[in-house]
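Shown next, in C-alpha cells, is the structure this report addresses.
The values are calculated or read from the model by the stated rules, or taken from the named source; none is laboratory data. None of the values given here were measured: they were computed from a predicted structure. Cβ placement follows ideal geometry from the backbone for every residue including glycine, while neighbour counts extend to all protein chains displayed.
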Amino acid sequence: MTRPAFTIIELALATVLGLFVLLACFSLFAMIDRSERALATRFEDVQDMALCHATLRRAMQSLVAAPEGAGGPRTRGRQTDQNGEPDGDENGETGVDNESALESGERGLTFTDDEPRRRGRVQHFSIYPLDPADAEAGVDVGDAPWRLEMVLADHPLTFLQTGHGPIRGAFDFLPVGPDEWILQWTPLIPAGEPYVLAENLSLALVAVLPRDSSEFVGYLDARERREFPRAVRVILWSHGGARTDWLFEPGVTTGETPR
C-alpha cells in the first residue's frame, strides 16, 4: 500500500515549528555574544583599574617633600590687583573660594577650598585644574581637566622606567568626549610620553584631605612635609560598570625636586 504524502497543513506546521527553533537559536547566539562582549569589557575595566590602583599606590608611597625651611625659586607669581599690589594677605590667600568642588548627592562628596594658594615656590605636590582660567573661575572637580602633580622618589610605572632617581610627574584626569574620561600619567621632569592608565571612564575625580581640614578639596599646593595632605581620594567609574573609590595615605620622604 502506497504511503500518502504530507498534507499542506502538516507542511505548514512543520515550517512554523522550524522557524521557531531557528529564532530561538539565533536569540540564544545573540545573547551569548552580548554576554561575551560585556564580560570582555568588564575584564578590560578590571585590568585598567588594577593598573591604576597599583600605579597610584606606588606613587603615594614615594612622595618627596622639600627639606623643612628650604627656599626655592619662584615659579608662579602671585596675582596682583589693578594697582600692581599682591592680591591676598601676607600668607598668600587669594580669596578664591571654590566651594562644592564636587556635587553632593549621587557622588556623595562635598569639597571646599579654604587653603592658601602658595604658588610662589617650587611645589612638590599640587592639585589644580589644567586650565588657569578654570582655576580663576573656581570650576568644580569633575567639570574640567584636573591634574595631580607630584615629585616622586622613583618612576611609578616600573615597566616604563629608564633610570633611577627623583621624577616630577602628574596624574591627569582628562575629558575626551561627552561623558568620556581618561586617566593618564604624564612625566614632566624628565619629560616623557604620557601613558594612559584607564579609558572608557564615565567619571574621574580626585581630591585631597588637608591636615587642618575635615573636608576634601580640589586645590592644594604643598612643598614641605607638614603641608602634604592626610589622604588622597580617587573615584573612577567606567562605562562597563566598574566603580572604585580609593583612599590613599601619602608616604612622604624628604629630598630635592628634579631639574
(request) Being of a type in the set (A, V, I, L, M) and outside any strand (DSSP E or B) is the filter here, so list the residues in the range 190-217 that pass it. (result) A191
(request) Report yes if some residue within the range 179-187 is more than 12 Å from the chain's Cα centre (by Cα), loosely packed, with under 15 Cβ neighbours inside 10 Å and more than 25 Å from A50 (Cα to Cα); otherwise report no. (result) no
(request) For the range 161-168, indicate whether the set of residues that are farther than 17 Å from A207 by Cα, modelled with pLDDT of 75 or more and in a strand (DSSP E or B) is non-empty. (result) yes
(message) Tell me yes or no: at least one residue of the range 185-202 is in contact with a helix residue (DSSP H, G or I) (Cβ under 7 Å, 6 or more places away or on another chain) and among the small types (G, A, S).
(response) yes
(request) With respect to P187, determine if the residue is touching a strand residue (DSSP E or B) at 6+ places or on another chain (Cβ under 8 Å) and modelled with pLDDT of 90 or more. (result) yes
(message) If a residue must be of a type in the set (D, E) and in a loop (DSSP other than H, G, I, E, B), how many such residues does the range 220-259 contain?
(response) 2
(message) Being modelled with pLDDT under 95, within 30 Å of R37 (Cβ to Cβ) and among the aliphatic types (A, V, I, L, M) is the requirement here; does A222 meet it?
(response) no
